[in-house]
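In what follows, a structure is listed as structure tokens, so that the remarks can point back to it.
The values are calculated or read from the model by the stated rules, or taken from the named source; none is laboratory data. These numbers come from a predicted model, not from an experiment. Methodologically, a virtual Cβ is constructed for each residue, glycine included, from the backbone with ideal geometry; neighbour enumeration extends over all protein chains shown.
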Amino acid sequence: MMEKEEIFSKVLRAGRRTYFFDVRSTKAGDYYLTVTESKKFTNDDGSFHYKKHKIYLYKEDFTEFNSILNEMTDYIINEKGDEVISERHQKDFKKEYDTDTVETSVDGSSTEKFTDVDFDDI
């Protein structure tokens with residue numbers, strides 16, 4: 001499907017993700033919105049690629065979509081505040097590459113070490 005030319009666009013860069021908000025025109029000349037998430041992935045050899053996910057929003061769904069989006073974002077802020085609590089977002093975060101390490105605690109029991117958990121598809 002050939003994309004129509006953008007009428008109005010905005011970009012939000014957020015770390016490895018970029019969000020594109022594009023107003024486009026239907027064949028009948030009405031407008032709709034596309035929201036595209038583009039995420040950068042680095043391969044082992046240093047090269048990289050992007051994965052994209054797109055949502056199409058049409059005018060007849062704007063009111064209900066906006067209402068639910070506001071309800072959900074308000075719920076998250078009310079329950080957890082607006083401070084990001086993921087260690088990945090801390091300024092001193094260092095990515096750990098060894099995901100299968102087993103550590104021994106002070107009492108001698110082993111504790112598994114989990115790293116690099118990714119919740120991007122939630």
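Remarks
- Qualifying residue in the stretch 42-53 (condition: in a helix (DSSP H, G or I) and charged (D, E, K, R)): no
- In the set 44, 22, only one residue is out of contact with any Asp or Glu (no Cβ under 8 Å at 6 or more places or on another chain) and either modelled with pLDDT under 95 or on the phi < 0 side of the Ramachandran plot (or both); that residue is 44.
- Scanning the stretch 1-41 for residues that are outside any strand (DSSP E or B) and either of a type outside the set (A, V, I, L, M) or in contact with a His (Cβ under 7 Å, 6 or more places away or on another chain) (or both) yields 3, 4, 5, 6, 15, 16, 26, 27, 29, 30.
- Where a residue in the stretch 39-60 is within 15 Å of residue 24 (Cα to Cα) and free of Cβ contacts under 8 Å to residues at least 24 places away in the same chain and its partner, wherever it lies, is surrounded by 11 or more Cβ atoms within 10 Å (Cβ to Cβ) and not hydroxyl-bearing (Ser, Thr, Tyr), with Cβ under 6 Å and at least six apart: 55/35
- Filter pass, residue 54 being at pLDDT below 50, surrounded by 11 or more Cβ atoms within 10 Å (Cβ to Cβ) and on the phi < 0 side of the Ramachandran plot: no
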